[in-house]
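Contents: one structure, followed by commentary.
The values are calculated or read from the model by the stated rules, or taken from the named source; none is laboratory data. Predicted model, so just to flag it, every value in this text is computed and none were measured. When we count neighbours, we look across all protein chains shown, and the Cβ atoms used for this are built from the backbone with ideal geometry, even at glycine. Side chains included, ligands, DNA and RNA excluded: accessible areas come from the protein's heavy atoms. Shrake-Rupley method; radii C 1.70, N 1.55, O 1.52, S 1.80 Å.
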Amino acid sequence: MPYTLAGRPETATQARVLKLLRDEGPLSRVELADRLGVSRTTMAGEVARLTELGLAERAGPAASRGGRRSTLVDLSSSLRFVGIAIGATSLSVAVTDGRLSVLSQEYVPLDVRLGPEHVLARALELARKVMAEQGVERPAGAGVGVPGPVDFHSGVPVSPPIMPGWDGYPVRDALSRELGCPVLLDNDVNLMALAEQHSGVARTARDFLFVKIGTGIGCGIVVDGQLYRGVDGCAGDIGHIRVEEFGPACACGNTGCLEAFFGGAALARDAEAAARSGRSPALAAILAEKGEVSAADVSTAVAQGDAHAVQMMRDGGHRVGWVLASLVSFFNPGLIVIGGRVSRLGHPLLAEIRGVVYRRSLPLATGNLPVVLSELGDGAGVVGAAALVSDAIFATP
């Protein structure tokens, strides 16, 4: 990267201290020493060095445990990260503190098909706005998510089906030059998985799947606490698993893919067809009022008890559950989290997915397998982006 942060942890212990403080908040030097299995003298020296590097600071006296009171240690209050979540139809940019709490955020509708120059210029505009609001001249790092496959090591999208013009574009390096800080690029669903691991329902899970059902469908895979990307960075691209031999055309060029049946664009397509044909009175009413229908309108129709909308939701949930059942038998995760905008169909969709997973998977694999909805909402992408780059900053060079 063209920019190197001046203050970086110098030892493995320092790196582990920073990640503990990020994920759990202020801890005393005694607690840190006990948690990491080092002497208190060693920990005092490591904390002192982190303070000199501008990465940590004292946060007052710790609660008394008898004898001399220890000092609480926290991440530096000046640490700031930028998270940029580029979706198929939206852009979200935020500034977070060192513990990944969002301090300022901007969200705008934006079509990723407008191309990298247009979209990244808008992202930089919003990044500078939220940075100015927080008095940030240069962040410690920035993370970026895009809705397509990514070569993580090169920082470029690779043949993304729904991102024309982005293939091979140097997203990471272009943003790094403009922001003057380290930047990392990853697939959007991987970042949402990191957000769930940091502050969502997967905080205590070591092995889990995060399934995003939005314009596209993807799966973030966490193995033993670490994100798994695969050899070329495209692990978890479940939206392009074929669920029927003959089916609608998919953006990837194949037919019958899961995404072509139940991604957001596919759901909007089928909803409009149902509205125009009169098969769905609720969707027809929405079409007459608004002049168009979206995937989000299906949720409204389901809530009204519209029989055709309910069947659309059940068919989609069945297909998702069928794919996930195969993954459960293969991977044996401890948790499945369902997120993304189509997941706002809510508990009826979750019940359909869950029922298929439990029926089709091995009983041993599902005996203690929660399948739950994400609770993070639209903040997942930017928090995960900040988590991604903070992992890199809080690591020994």
In Å³ and rounded to a whole number, note down the convex hull volume per residue for the Cα atoms of the range 49-198. 129 Å³
Cα centroid of the range 233-250 to Cα centroid of the range 146-203, whole Å: 21 Å
Among the trypsin sites (Lys or Arg not before Pro) in the range 176-280, which ones are in a DSSP loop with at most 10 other Cβ atoms within 10 Å of the Cβ? Mind listing them? ARG203
What Kirkwood hydrodynamic radius do you get for the range 197-338 when you take the inverse of the mean 1/r over all pairs of distinct Cα atoms, in Å? 16.3 Å
Over the Cα atoms of the range 68-128, how large are the radius of gyration and the largest Cα-Cα distance (Dmax), in Å? 16.2, 61
Out of GLY135, GLY155, GLY25, any idea which swings most in a Gaussian network model of the chain, alpha carbons joined below 10 Å? GLY135
Can you list the aspartates and glutamates whose alpha carbon is less than 13 Å from that of LYS129, not counting same-chain residues fewer than 8 positions off? GLU106, GLU137
If you roll a 1.4 Å probe over the heavy atoms of the protein chains, what accessible area per residue do you get for the chain, in Å²? 44 Å²
Taking every DSSP beta bridge that has both residues in the chain, what percent is antiparallel when rounded to the nearest 5? 65 percent
Which angle from 0 to 90°, rounded to the nearest 10, does the C-alpha axis of helix 12-24 make with the longest principal axis of the chain? 60 degrees
So what does the Cα-only Debye profile of the range 255-397 read at q = 0.15, 0.17, 0.20, 0.21 Å⁻¹, as log10 I(q)/I(0), no solvent term? -0.83, -0.97, -1.15, -1.20
Over all alpha-carbon pairs in the range 7-103, figure out the percentage whose distance exceeds 16 Å. 58 percent
Longest segment of the chain with no GluC sites (Glu not before Pro) in a DSSP loop having at most 15 other Cβ atoms within 10 Å? 11-136
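Largest first and in whole Å, give the semi-axes of the range 348-397's equivalent ellipsoid, each being the square root of 5 times a Cα gyration tensor eigenvalue. Don't skip to the answer; put the middle values down first.
Values: eigenvalues 224, 55, 8 Å².
Over the Cα atoms of the range 348-397, the ellipsoid semi-axes are 33, 17, 6 Å.
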Which angle from 0 to 90°, rounded to the nearest 10, does the C-alpha axis of helix 307-331 make with the longest principal axis of the chain? 50 degrees
Could you go through the range 283-294 in sequence order and give the Karplus-derived ³J(HN,Hα) for each residue, using 6.51 cos²θ - 1.76 cosθ + 1.60 with θ = phi - 60°, rounded to whole Hz, and x for Gly and Pro? 5, 5, 5, 5, 4, 5, 7, 9, x, 7, 10, 10
If I compute solvent accessible area with a 1.4 Å probe over the protein chains, what percent of it on the chain is carbon and sulfur? 50 percent
If one compares the long axis through the Cα atoms of helix 347-360 with the longest principal axis of the Cα atoms of the chain, the angle in degrees, nearest 10, works out at 90 degrees
Excluding same-chain residues fewer than 8 positions from LYS19, which aspartates and glutamates have a Cα within less than 17 Å of its Cα? GLU10, GLU31, ASP34, GLU46, GLU57, ASP74, ASP97, GLU196, ASP224, ASP391
Just to check, using Stokes-Einstein with a Kirkwood Rh over alpha carbon pairs, what's the diffusion coefficient of the range 102-155 at 25 °C and 0.890 mPa s in µm²/s? 190 µm²/s
P(r) of the chain over all Cα-Cα pairs, 10 Å bins starting at 0, rounded to whole percent, reads 5, 22, 29, 24, 14, 5, 2, 0
Over every pair of different alpha-carbon atoms in the range 239-314, take the mean of 1/r and invert it; report that Kirkwood radius in Å. 12.6 Å
Of all beta bridges DSSP finds with both residues in the range 105-231, what is the antiparallel percent, to the nearest 5? 70 percent
Just the Cα atoms of the range 139-257: what Rg and Dmax do they give in Å? 15.2, 49
